Amino acid sequence: MLRRDREVTDPDRIAQILDEAKVVHVGLNDGGYPYVVPLHYGYELANGRLVLYMHGAQKGHKLDLVRADMRVGFELDCEVQTTFDEPDLPCSYGFFYASVMGRGEISLIEDASQKVHALQVLMEHQTGRSFQITPQMAKGASVFRIVANTYSAKSRPLPQTAQGSK
């Protein structure tokens, strides 16, 4: 990591970023070119192990790519706000943010009970509510799991005075 001053290592802060973000950008291999797709997600983070859950259609390009190559990259961000020191000086622009990015292996979840669990985690993350999902309901979707091999988090937080005025 080039900007060590922005590195986030506190597990609670990483969980906060994962909680606040709602879309993960997943990079799949498409014949030597990256194919990046934004997806809603849910996650589990325990003992430093990050698992992301996503869902999608039962056919299509994304599913074909997942089946062809399990290696993925991912990125999610939140708290994004543009900042500048001098409005007429292009080089003074930047942004505040928090992000998590990493690499891992994606797989299609076939087991009915694991699909239900993944969809419950996803729905609770996206809505803040618990839902009763049945195997019959889960049957209509492809459900994916990314197990992160490595990940890191960065943040350039808003200054304290700006945070209080949001």
Self-check item: Percent carbon-and-sulfur accessible area, segment 1-71, ignoring ligands, DNA and RNA, probe 1.4 Å
Solution: 51
Quiz item: Once you sort the root eigenvalues of the Cα gyration tensor of the chain as a ≥ b ≥ c, which label holds: rounded (a/c under 1.5), prolate (a/b larger than b/c) or oblate (the other case)?
Solution: prolate
Quiz item: Between segment 1-64 and segment 93-166, what is the C-alpha centre distance in whole Å?
Solution: 7
Practice problem: Take every DSSP beta bridge whose two residues both sit in the chain, then give the antiparallel share in percent to the nearest 5. | Solution: 100
Quiz item: How many Å² of accessible area per residue for segment 53-163, probe 1.4 Å?
Solution: 59
Self-check item: Total charge dipole magnitude, the chain, about the Cα centre, Cβ charges on Lys, Arg, Asp, Glu only, Debye to nearest 20
Solution: 440
Practice problem: Return one number: the angle in degrees, 0 to 90 and rounded to the nearest 10, between the long axis of the Cα atoms of helix 112-127 and the longest principal axis of the Cα atoms of the chain. | Solution: 30
Exercise. For n ≥ 4 DSSP H runs only, could you compute -39500 (n - 2.57) per run for the chain, divide by its residues and tell me the 222 nm figure to the nearest 500?
Key: -7000 deg cm²/dmol
Quiz item: Which whole-number percent gives the relative contact order of segment 1-154, counting Cα pairs below 8 Å spaced six or more residues apart?
Solution: 29
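The values are calculated or read from the model by the stated rules, or taken from the named source; none is laboratory data. These figures come from a predicted structure and were not determined experimentally. Don't worry about glycine lacking a Cβ; one is built from the backbone with ideal geometry, like all the others, and counts go over all protein chains shown. When the accessible area is computed, the model is the full protein with side chains, heavy atoms only, and any ligands, DNA or RNA have been set aside. Shrake-Rupley method; radii C 1.70, N 1.55, O 1.52, S 1.80 Å.
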